[in-house]
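*Asks:* First, the structure itself, so that you have it in front of you.
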Amino acid sequence: MNAPTAYDTIVLAGGAARRLDGADKPALSVGARPLLDRVLAACPDAAITVVVGPHRPTSRAVIRALEDPPRGGPLAALDAGLRHTTAPTVLVLSADLPFLTTATVQGLLAAATEKPGAAGPGRGAGPDSDAPPYGDGAMLQDASGRDQPLVAAYRAASLRRELAGIRAGHGTLAGLPLRALVNGLRLERVPDVTATASFDCDTWEDLSAARARIREHGNVLDEWITAVKAELGIELDVDTAALLDLARDAAHGVARPAAPLTTFLIGYAAGHQGRDVKELTERATALANRWAAEAESAGPAEAGGGTGAETKPAE
């Protein structure tokens, strides 16, 4: 198994958000969590995380940076963030990706550092180029085949080289589009197999769609558990299915209030005694099943909690 890729992250969190009437887009919430925090949650193991844009509270510590000039566009913002990074690989993300996952991030990092570079256009592809033979990184490609340069993992040296060349040619990075950078790099294209990792919130309609999606039946529990863990500062893998099965067994085999109380006690034991949640869940489930089996084998009075004396006919 390959060792995890060492990387830094730059999150571009500026921009005018004109299609959102100038709202502070990274601070808008999906699932009661700011978009920026949702993006940060997808790259928790970055060595350095730089957020480029106005100061906002974040769920974890980050380095703050501002582009020069302010509102100078994505290349100026990327340059400002890059000045704070040291890792050979840099993950570059926009701050409005509500469905970005750690799996997508790891896929990009693997493609950027382990695979031979698939030819993308640009001067990096020429035989006399100083670009590395394995390419300059990897970027996500959405379901329609569009490149997503702000959901990408780049080799830091390649970014610095290209940005320096663009600045030399134009005298500035301000106001220039991302394609001025991307066209000069050889990048592996990574399909968005989730069909949602590349979804961004550019409009109020996009934001509404994202908020509706997390409340769909197949998503709502995982989204809620993730939100609760983030709110409480808990870093713990939760087997939702196992806990729900336990809650069901406790409710049916003991009494309805036993379900939330039992799961609370498991959490308490895990937190205060450092015990494994899976082992605790299995033991509590076995206990609930024994309780139910005992009740089924008991007589009606015993199963109902009585002593039997009050139902004995008078002699």
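*Asks:* With the contact rule set at Cα under 8 Å and sequence spacing of 6 or more, what percent relative contact order holds for the range 25-114?
*Replies:* Value for the range 25-114: 32 percent.
*Asks:* Determine the principal axes of the Cα atoms in the range 170-294, then give the extent along each, sorted from largest to smallest and rounded to whole angstroms.
*Replies:* 79, 33, 26
*Asks:* Roughly what would the spin-label model give for R146 and T172, points 7 Å off Cα along C-beta, in nm?
*Replies:* Distance between label points: 2.7 nm.
*Asks:* Continuing with this model, one more query. Whole-Hz Karplus ³J(HN,Hα) for the range 181-191, in order, using 6.51 cos²θ - 1.76 cosθ + 1.60 and θ = phi - 60°, x for Gly and Pro?
*Replies:* 8, 5, 5, x, 10, 8, 10, 6, 8, 10, x
*Asks:* With a ≥ b ≥ c the root eigenvalues of the C-alpha gyration tensor of the range 1-113, is it rounded (a/c under 1.5), prolate (a/b larger than b/c) or oblate?
*Replies:* oblate
*Asks:* A further question follows. Would you mind checking which residues have amide H under 5 Å from T49's amide H? H placed 1.01 Å from N; only 5 or more apart, or other chain.
*Replies:* Hits under the 5 Å cutoff: T9, I63.
*Asks:* Which of the three applies to the range 40-93, rounded, prolate or oblate, going by the alpha-carbon gyration tensor with a ≥ b ≥ c and a/c under 1.5 meaning rounded? Before the final figure, lay out the partial values.
*Replies:* Values: a/c = 2.11, a/b = 1.30, b/c = 1.62.
It is oblate, given that a/c is not under 1.5 and a/b is not larger than b/c.
*Asks:* What full-extension length gain, to one decimal in nm, is calculated for A195 and I234 as 0.36 nm per residue of separation minus the Cα-Cα distance?
*Replies:* 11.2 nm
*Asks:* Still on this structure, please answer the following. Taking amide H positions as placed 1.01 Å from N in the peptide plane, with prolines and chain starts having none, which residues 5 or more places from V30, or on another chain, fall under 5 Å of its amide H?
*Replies:* L35
*Asks:* Based on Cα positions only, what radius of gyration and what Dmax would you give for the range 149-201, in angstroms?
*Replies:* So, for the range 149-201, Rg and Dmax equal 13.2, 40 Å respectively.
*Asks:* Also, I was wondering about something else. If we restrict to alpha carbons, what Rg and Dmax does the range 195-259 come to, in Å?
*Replies:* 16.0, 50
*Asks:* Just the accessible area per residue of the chain, please: how many Å² with a 1.4 Å probe?
*Replies:* 55 Å²
*Asks:* Please label the shape of the range 66-108 as rounded, prolate or oblate, based on the square roots a ≥ b ≥ c of the eigenvalues of the alpha-carbon gyration tensor (a/c under 1.5 means rounded; beyond that, a/b larger than b/c means prolate, else oblate).
*Replies:* Taking the square roots of the gyration eigenvalues as a ≥ b ≥ c, the range 66-108 is oblate.
*Asks:* Could you please state how large a percent of the accessible area of the chain is carbon and sulfur, counting protein chains only and using a 1.4 Å probe?
*Replies:* Looking at the chain in its full context, I get 56 percent from C and S.
*Asks:* Stokes-Einstein D for the chain at 37 °C, 0.692 mPa s, Kirkwood Rh over Cα pairs, in µm²/s?
*Replies:* Values: Rh = 22.6 Å.
Taking Rh from Cα pairs, D becomes 145 µm²/s.
*Asks:* While we're looking at this one, here's another question. Could you grab the relative contact order for the range 208-285? Cα pairs under 8 Å, six or more apart, rounded to a whole percent. Can you show the working numbers first?
*Replies:* Working: 42 pairs, mean separation 17.3, N = 78.
Worked out over the range 208-285, it gives 22 percent.
*Asks:* Given the rule -39500 (n - 2.57) for each run of at least 4 DSSP H residues, summed and divided by the residues of the chain, what is its mean residue ellipticity at 222 nm, to the nearest 500 deg cm²/dmol?
*Replies:* That calculation yields -12000 deg cm²/dmol at 222 nm.
*Asks:* Could you grab the relative contact order for the chain? Cα pairs under 8 Å, six or more apart, rounded to a whole percent.
*Replies:* 16 percent
*Asks:* Further question on the same structure: Specify the longest stretch of the chain that does not include any exposed loop site, a site being one of the trypsin sites (Lys or Arg not before Pro) with a non-H, G, I, E, B DSSP assignment and at most 16 other Cβ atoms within 10 Å.
*Replies:* The reported range is 147-214.
*Asks:* Please report the Cα spread of the range 1-65 along all three principal axes, rounded to whole Å, starting with the longest.
*Replies:* The Cα atoms of the range 1-65 stretch 47, 26, 19 Å along the principal axes, largest first.
*Asks:* Moving on. Using amide H atoms built in the peptide plane, which far-off residues or other-chain residues are under 5 Å from E188 H to H?
*Replies:* Amide H neighbours of E188, under 5 Å, 5+ apart: A118, D136, G137, A138, M139.
*Asks:* Take L244 and E205, extend 7 Å from each Cα along the Cα→Cβ direction, and tell me the distance between the two endpoints in nm.
*Replies:* Going by the 7 Å Cα→Cβ label model, 3.2 nm.
The values are calculated or read from the model by the stated rules, or taken from the named source; none is laboratory data. Bear in mind the structure is a predicted one, so any value in this text is a computation, not a measurement. FYI the Cβ positions are ideal-geometry reconstructions off the backbone, even for glycines, and counts take in every protein chain you see. To get the accessible areas, we keep the full protein, side chains included, count just its heavy atoms, and leave off ligands, DNA and RNA. Shrake-Rupley method; radii C 1.70, N 1.55, O 1.52, S 1.80 Å.
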